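What follows is a single structure, written as structure tokens, with notes after it.
Only the coordinates and a few stated rules stand behind these numbers; no lab work does. All values reported here derive from a predicted model rather than from experimental measurement. Neighbour counts run over all protein chains shown; Cβ positions are idealised from the backbone, glycine included.
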């Protein structure tokens, strides 16, 4: 895994963004989308529309280059006017699996959407740290690359050139990353937790050490030294931002790695124990069961059954 902590989190959950397609529309239109069953993002590649998200107080307008990401199952309505009665998306897109469909004879608005697949059982590592809704203004100073990526995605989605599908997937991945980067840049709005501590530049050197060598027996003084802070100041800041102390964070990260490797099924349990800093299989098994309620072998078997189903 990369010693860049945020890349390590994305690798752990195996986050893979996919562009699912979209639609063009003009005139009077409104579409009611059901609550998504996975993390979704939507971009306005051309024109503008209104979005009314379940749980938010009022509809809001989105313009060219703007992005919305939903990490919770909220239904929403996209429309040219919030007063228009919407048609169900399932009815409009019945039988459509990808590509861009035309609604009506005009194409004033180009609305593109995608979703993010994650490894079974790992998604909560990221999702639990995200707000239900993230809105990004494509023209904002904090999102300089989004508008360009969205323009490229629109071009590839509307073209039948060789490799267009590959290009759309790569661009969707970059758009997803930029949305997360914008969110991380809003440090003052982040709640204590995984993303808040990953966004802190003062703690970054210590986090890189722990992520680069999770098996090492790290001690508070050397982690504080890496961050150029006193032991007390380091521990206090870390707990305030992460919601737990640095050594508790390390223990939790080790267990997250263990869960991912156990679910993947390739590494022997003894090798996982060594890679997560335990001196014996028994010590690892006891710690894993204490933190998860299951033994490593039970967790691996359950994960394999879930994958088969």
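Approximating the spin labels as points 7 Å out from Cα along Cα→Cβ, the residue 308-to-residue 187 distance works out to 4.9 nm. Alpha-carbon geometry of the range 1-87: the Rg and the Dmax are 15.6, 50 Å, given in that order. The three principal axes of the C-alpha atoms in the range 220-308 carry coordinate ranges of 48, 24, 20 Å, sorted with the longest axis first. When both the range 39-109 and the range 113-139 are represented by their alpha-carbon centers, they are found 18 Å apart. Applying 1/(1 + (r/R0)^6) with r as the Cβ-Cβ distance of residue 48 and residue 280 and R0 = 45 angstrom yields a FRET efficiency of 0.15.
Out of every Cα-Cα pair in the chain, what percent are more than 29 Å apart? The answer is 45 percent, as a whole percent. Once the C-beta distance of residue 240 and residue 84 is scaled by a Förster radius of 51 Å, the resulting FRET efficiency is 0.60 to the nearest 0.05.
The angle separating the long axis of helix 146-157 from the principal Cα axis of greatest extent in the chain is about 60 degrees.
Taking every DSSP helix (H) stretch of at least 4 residues in the chain, weighting each as -39,500 (n - 2.57) and dividing the sum by the residue count yields a mean residue ellipticity at 222 nm of -13000 deg cm²/dmol. Hey, any idea what the orientation-averaged projected area of the convex hull of the range 80-149's Cα atoms comes to, in nm²? For the range 80-149, averaging the hull's shadow over all directions gives 8.0 nm². Between residue 56 and residue 140, the simple spin-label model (points 7 angstrom out along Cα→Cβ) gives 1.2 nm. Sort the range 48-188 into rounded, prolate or oblate with this rule: let a ≥ b ≥ c be the square roots of the eigenvalues of the Cα gyration tensor; rounded if a/c is under 1.5, and if a/c is not under 1.5, prolate when a/b is larger than b/c, oblate otherwise. Since a/c stays below 1.5, the shape of the range 48-188 is classed as rounded. Computed from Cα atoms, the angle from the helix 281-292 axis to the main principal axis of the chain rounds to 50 degrees. Relative to the longest principal axis of the Cα atoms of the chain, helix 296-308 runs at roughly 20 degrees. With the largest listed first and rounded to whole Å, the semi-axes of the equivalent ellipsoid of the range 147-299 from the Cα gyration tensor are 35, 25, 12.
Looking at the range 24-156, what % of its DSSP beta bridges pair antiparallel, to the nearest 5? Intermediate results must be reported in sequence, preceding the final value.
Values: 28 of 32 bridges.
Rounded to the nearest five, the antiparallel share is 90 percent.
With 13 Å as the cut-off, how large is the P(r) tail for the range 58-97, expressed as percent of Cα-Cα pairs? For the range 58-97, the share of Cα pairs beyond 13 Å comes to 67 percent.
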